[in-house]
Amino acid sequence: MNDPPFNRSPPMKLVIAQMKHETNTYSPVPTPLARFAVGGGEPPEGDAARAAYIGTGSAIGAFIELAEEVGAEYTIPIAAAAWPSGPVHDAAFEHIAARICDAVAAGCDGVLLDLHGAMVTQSHDDGEGELLRRVRAIAPEVPIGVALDMHANLYDDCARRATVIAGYQTYPHIDMHETGQRAGRALLAQLAGRARPTLAWGRKPMLPHVMRQGTDDSPNRELQLRCREMEADGALCASVFVGFPNADIEYAGLSAVVVTDGDAALARRWCDDLLEMAWAERAQFVYEVEPLAASMARAQALAATKPAASGPVVLLDHSDNCASGGTMDTMTVLGAILDAGLDDVAAFAVYDPAAVQRMIAAGIGARLTLPLGGKLDMPAIGLKGEPRSVTGKVRLLCDGRYRNRGPMARGELNDMGPTALFDTGKVQIVVISNHVEPHDLAAFAAVGIAPETKRFVMLKSRIHWRAGLRSLAHAVVECAGTGVCTSDYAALRFRKVRRPIYPLDAI
Ligand SMILES: [Zn+2]
């Protein structure tokens, strides 16, 4: 739908802001304010925030574009997004929340927020709910439109205080911009007097496994399809949130939100339909883990029989995925690759700033032996970091900056920090100083690797890699390593998550 230009006098005033973090409560990776800004420092505000996101595949980018289309005045008090990691430092949350609250307090007709939905801070298990609670205390009546990640763990404070909620309908998340449009258009329709958003929401006591949440796969494909059907049938926004299970908080897990135009009974019925559909398929969200030795043998067999030029066998080190809060420095899967003697491998990536500095000091072409990875202990799951001694040659050094080609987060800037390509002769290992997940071919271009030409590609990723690389792969082998994204729910030793909950309990 195309909204007609919005004309009234004085112009509508909007506050547009972003506060995005998926918190893995087991992760030892700290989350200070600097993690919310590409390159460190403070997150961008005002014109700098607009420049960072206009024209990109982001929800906040869509908010800005919609505001400009309807001729609204708007302010962007902050645009803060961080890669997943441990609980957000209180000082970072207070900085971001204060910027947003101050802007709302200055007066506005509507608020558009690009949030994640699974933020845990040092003091609040529901970061987004705490933000909305504060905004509502300042502006009890102002309409608030919220875009959320599909991995949101929805709490009452968030669901009750928002006027409109729209969640991503794809995983990998290639519809962030469309999600911003869905939330933004519904809110603008209300402000223009053309709609009365009515929201129903609910949860089911289930923890879908992240490896089973991709929207190429059942049952999430069908759940998200049903959401789109509801929107085609008149819902303003329909969303199923599969939740993020590597968070030991009361309301981790699956939820749904449906927003209709003034029909509370229909919103309730559709929301319950989505929840019942998910519950009926709960067994399909359980992930069966293959032992690492079996995965390695399968990968070698696949490579032995694959036709020439058919693309790499992709090995997913899914226990250490940085986009789920992994340290990106566990060496279990990469160690198995080295031990098995696999040849013609690209590995993306190992987080080890100290190793990069040693390679910078040694220089391009230098040959050296390094203790690689394993610098971070993971006390929340009872693991010590275990570096692995690796000998190789420094092939390339760079600043690690690249702009996504898409389809996920198209146009957004990424910063791996000082980056090195370390070559053992058989395995080319990308070593980075800031966390990024390899979901975009631009990350490989930045270090001179053409992944489609390799025999094997190891990725520290779960599902997002599919966005940029799935079409190149000959085959995919999911490899269970070690890390805070472990697929073993028993290792997570949940204490706070509500019980009973499936599949921890047989309900
Ligand atoms: Zn997500």
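Within the set of other residues whose C-beta is less than 15 Å from the C-beta of GLY57, count the net charge using Lys and Arg as +1 and Asp and Glu as -1. It works out to a net charge of -2. The Cβ shell under 14 Å around THR25 holds other residues with a net charge of -2, Lys and Arg each +1, Asp and Glu each -1. The Rg/Rh ratio for region 456-507, using Cα coordinates for both the radius of gyration and the Kirkwood hydrodynamic radius, is 1.11.
Other residues with beta-carbon under 13 Å from the beta-carbon of ARG410 carry, at +1 per Lys or Arg and -1 per Asp or Glu, a net charge of -2.
Among the trypsin sites (Lys or Arg not before Pro) found in region 427-507, those both in a DSSP coil and sparsely packed, with 15 or fewer other Cβ atoms within 10 Å of their Cβ, are ARG493, ARG495, LYS496, ARG498. Report note on the peptides 228-241, 180-193, 385-398: ranked by the mean count of other C-beta atoms within 10 Å, highest first, their order is 180-193, 228-241, 385-398. A dipole drawn for the chain from +1 and -1 charges on Cβ atoms has a positive end, and of VAL484, ILE60, ALA420 the residue lying farthest that way is ALA420.
Quick one: angle between helix 220-232 and the longest Cα principal axis of the chain, in degrees between 0 and 90, rounded to 10, please. Orientation of helix 220-232: about 30 degrees from the principal axis.
Entry note, region 1-131: relative contact order of 40 percent, from Cα contacts under 8 Å with a spacing of 6+ residues.
Kirkwood radius for the chain, taken over all pairs of different Cα atoms as the inverse mean of 1/r, rounds to 23.2 Å.
For region 1-141, the orientation-averaged shadow of the C-alpha convex hull comes to 8.9 nm² (one quarter of the hull surface).
Note: relative contact order over the chain, using C-alpha pairs below 8 Å and six or more positions apart, is 16 percent.
Taking the longest Cα principal axis of the chain as reference, the axis of helix 264-280 is set at about 20 degrees.
Between ARG493 and LEU225, the simple spin-label model (points 7 angstrom out along Cα→Cβ) gives 4.3 nm.
Rounded to the nearest 10 degrees, the angle from helix 176-191 to the longest Cα principal axis of the chain is 10 degrees.
So for region 178-234, what percent of the C-alpha to C-alpha distances run longer than 16 Å? So the pairs more than 16 Å apart make up 62 percent of the total in region 178-234.
Looking at the chain, the accessible area is 35 square angstrom per residue; that uses a 1.4 Å probe and ignores ligands, DNA and RNA. Across the alpha-carbon atoms of region 123-164, the computed radius of gyration and Dmax are 10.0, 28 angstrom.
Centre-to-centre, using Cα atoms only, region 166-213 and region 287-340 are separated by 34 Å.
Of the solvent-accessible surface of region 267-367, computed with a 1.4 Å probe and all protein chains present, 56% belongs to carbon and sulfur. Equivalent-ellipsoid semi-axes for region 346-483 (Cα gyration tensor, √(5λ), whole Å, largest first): 23, 19, 15.
The values are calculated or read from the model by the stated rules, or taken from the named source; none is laboratory data. All values reported here derive from a predicted model rather than from experimental measurement. Reconstructed Cβ throughout: ideal geometry from the backbone, glycine too, with neighbour counts over all protein chains shown. What goes into the accessible areas is simple: the full protein's heavy atoms, side chains included, and nothing from ligands, DNA or RNA. Shrake-Rupley method; radii C 1.70, N 1.55, O 1.52, S 1.80 Å.
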